[in-house]
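Single-structure report; data block below.
The values are calculated or read from the model by the stated rules, or taken from the named source; none is laboratory data. Everything numeric in this text was worked out from a predicted model, so none of it was measured. Here Cβ is always computed from backbone atoms with ideal geometry, including for glycine, and neighbour counts include all displayed protein chains. What goes into the accessible areas is simple: the full protein's heavy atoms, side chains included, and nothing from ligands, DNA or RNA. Shrake-Rupley method; radii C 1.70, N 1.55, O 1.52, S 1.80 Å.
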Amino acid sequence: MVKHLHLLLAALVAVSFIARVLAAQVKPELLQRPILKIAPHALASLLLISGIVLVFQGSWLAGSFGWIVAKVLALPVFIGLGMVAIRQSGQQRWLAFSGAMLVLFYIAGVAVHKQAFFFL
């Protein structure tokens, strides 16, 4: 159950991020609405909490947990690139957006394969 909640929240965070970047490009004043300022943080917090619950529920800290560390280290990179993508404009926005999406795909790949270097 927690795994499905975590997957749903991950999808919502990804869709929310893409929508916010598009809103920043097309109609930036939308991002000033209270719901659009609070909801992404609430979703991300719930995603993080569900991830922590999964780690302890699955006893993943007892075995090889390098993949969890990789996800945790990639998370601030995603957040930083996401902030740049939403706050900047032009080429900087789209470079940061592309980087954030690559990091998001990396985090998803690590989650699926349970390996930090799954792509090798």
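Leaving ligands, DNA and RNA out of it, work out the accessible area of Phe56 with a 1.4 Å probe and give it in Å² to the nearest 10.
The accessible area of Phe56 comes to roughly 140 Å².
Between Ala23 and Leu48, what FRET efficiency follows from the Cβ-Cβ distance if R0 is 25 Å, with the result rounded to 0.05?
That pair, Ala23 with Leu48, gives E of 0.60.
How big is the Kirkwood radius of the chain, worked out from every pair of different alpha carbons and given in Å to one decimal?
The answer is 15.2 Å.
Ignoring ligands, DNA and RNA, what accessible area per residue does region 1-90 give at 1.4 Å, in Å²?
Using a 1.4 Å probe on heavy atoms only, each residue of region 1-90 averages 66 Å².
So what's the back-of-envelope 222 nm ellipticity for the chain, counting only DSSP H runs of four-plus at -39500 (n - 2.57) apiece and dividing by all residues, rounded to 500?
The helix contribution divided over the chain gives -28000 deg cm²/dmol.
Any idea what angle helix 90-113 forms with the longest principal axis of the chain, computed on alpha-carbon atoms, 0 to 90 degrees, nearest 10?
The helix 90-113 is inclined about 20 degrees to the chain.
Residues with amide H under 5 Å of Ala116's amide H, sequence separation 5 or more or different chain, H placed in the peptide plane at 1.01 Å from N; which?
Sorted by chain and number, the residues that satisfy this are Trp67.
Compare the Cα positions of Leu75, Leu31, Ile52 along the charge dipole of the chain (+1 at Cβ of Lys, Arg; -1 at Cβ of Asp, Glu; about the Cα centre) and return the one farthest towards the positive end.
Leu31
What angle do you read, to the nearest 10 degrees and between 0 and 90, between the alpha-carbon axis of helix 66-87 and the longest principal axis of the chain?
0
So how strong a dipole does region 10-120 carry about its Cα centre when Lys and Arg Cβ are +1 and Asp and Glu Cβ are -1, to the nearest 20 debye? Don't skip to the end; give the middle numbers.
Numbers: 8 positive and 1 negative charges, 42 e Å.
Once rounded to the nearest 20, the dipole reads 200 debye.
Apply the Karplus curve 6.51 cos²θ - 1.76 cosθ + 1.60, θ = phi - 60°, to the phi angles in region 14-22 and return the couplings in whole Hz, x for Gly and Pro.
5, 5, 4, 4, 4, 5, 5, 5, 5
Per-residue HN-Hα couplings for region 35-46, Karplus 6.51 cos²θ - 1.76 cosθ + 1.60 at θ = phi - 60°, whole Hz, x for Gly and Pro?
So the Karplus estimates, Gly and Pro as x, are 5, 7, 8, 8, 4, x, 6, 5, 4, 5, 5, 5 Hz.
Could you work out what % of the accessible surface of the chain is carbon and sulfur, using a 1.4 angstrom probe and leaving DNA, RNA and ligands out of the count?
The nonpolar share, carbon plus sulfur, comes to 74 percent.
So what is the relative contact order for the chain, in percent, with contacts set as C-alpha pairs under 8 Å and at least six apart?
26
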